[in-house]
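Notes for the one structure printed next.
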Amino acid sequence: MKTISTKADETLAEIVVTALDIAMAEGIAQMSFGKVAKRLGMSKSGVFCRAGSLNSLQRAVLDEYDRRFLSDVVAPTRAAPRGLPALEEHVRKLALRASGAAMGASCLYIAGAFDGAALDAALHQRLQQGLARWRTLLVQLVQDAVELGQLPPDTNVEQLTFEIHSLVVGMAHDARFLRDESIGQRMVLACRRLLASYTQAPVTLQ
């Protein structure tokens, strides 16, 4: 028989996952106790009692988003061979998160740039830090490819990082607002052309 604490933990986990789904579909600033309660068939007071303040729930949502991003994107990227293969794997995993069942979901850090005015300073800073961590990873992937001779030595790493980031932002926009089911594939193809413009070496993105 489950203990009370175990049941409470499971309910809180369900609340966080539901809130994350709402945040990824509508933006973290649009997440509310009322929306979470309606989806779970609970009262708003029940959600509040388990999650605490809305700000606490928002932080918990970002913690869960971080965990999923590390598992679904960063870990496979790190497991791939260093250089272009890792960069290509990273792009594929990002595309996968905007395709299929995930269609319409948003990167919370990208979307957060547009929700900033509706968020408190601490949460806005947390979103900025998340985006900065991802950009740092992207810079490292590009630098690795340059160091290994897979990209030309005169490659402007910051410029290429910006261009890849811009493709990801475009993909996030079209996935969320236009529900373009082919957007993941389009982003991958665009990245393949982008990398090909920097080098004559074969690029294996498909």
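Roughly how many Å is it from the Cα centre of the stretch 82-99 to that of the stretch 124-178, as a whole number?
Going from one Cα centre to the other spans 11 Å.
Going by average Cβ neighbours within 10 Å, how do the peptides 137-144, 45-52 rank, with the highest at the top?
Ranking the peptides 137-144, 45-52 by packing returns 137-144, 45-52.
Pull out a ≥ b ≥ c, the square roots of the eigenvalues of the alpha-carbon gyration tensor of the stretch 1-70, then state rounded if a/c is under 1.5, prolate if not and a/b is larger than b/c, and oblate in the remaining case.
Since a/c reaches 1.5 but b/c is at least a/b, the shape of the stretch 1-70 is classed as oblate.
With a point put 7 Å past each Cα toward its Cβ, work out how far Ala121 is from His173 in nm, to one decimal.
3.1 nm
Each label point is 7 Å from the Cα along the Cα-to-Cβ direction; what then is the distance between the points at Glu181 and Ser71, in nm?
2.7 nm
Between Glu14 and Leu189, what length comes free when the chain is fully extended (0.36 nm per residue of separation minus the Cα-Cα distance, one decimal in nm)?
Going from the current span to full extension adds 59.3 nm.
Per the helix-only calculation at 222 nm, which mean residue ellipticity applies to the chain, given -39500 (n - 2.57) for every DSSP H run of n ≥ 4 and division by its residues, nearest 500 deg cm²/dmol?
Value at 222 nm, helices only: -22000 deg cm²/dmol.
Lysine pairs in the chain with alpha-carbon atoms under 25 Å apart, 8 or more places apart or on different chains: how many are there?
Lysine pairs meeting both conditions in the chain amount to 5.
In a shell of Cβ-Cβ distance under 14 Å around Leu148, excluding Leu148 itself, what net charge do Lys and Arg (+1) and Asp and Glu (-1) give?
Every neighbour counted, the sum reads -2.
Can you match Cα extents along the principal axes in Å to one of these, (1) 60, 36, 32; (2) 59, 43, 31; (3) 64, 36, 33, based on a calculation from the structure here?
(1)
Ordered by residue, what ³J(HN,Hα) values in Hz, to whole numbers, does the stretch 185-190 give under the Karplus form 6.51 cos²θ - 1.76 cosθ + 1.60, where θ = phi - 60° and Gly and Pro are x?
Each residue's phi maps through the Karplus curve to give 5, 4, 5, 4, 5, 5 Hz.
Using 1/(1 + (r/R0)^6) with R0 = 35 angstrom and r between the beta carbons of Ala79 and Ser56, what's the FRET efficiency to the nearest 0.05?
Working: r = 34 Å, r/R0 = 0.96.
With R0 = 35 Å, the Cβ-Cβ based efficiency is 0.55.
Given Ala37, Val142, Leu62, which one lies farthest toward the positive end of the charge dipole of the chain, if we put +1 on the Cβ of every Lys and Arg and -1 on the Cβ of every Asp and Glu?
Toward the positive end, the furthest listed residue is Ala37.
No lab work stands behind these numbers, since they all come straight from the coordinates. Because the structure is a prediction, the values reported are computed rather than measured. Don't worry about glycine lacking a Cβ; one is built from the backbone with ideal geometry, like all the others, and counts go over all protein chains shown.
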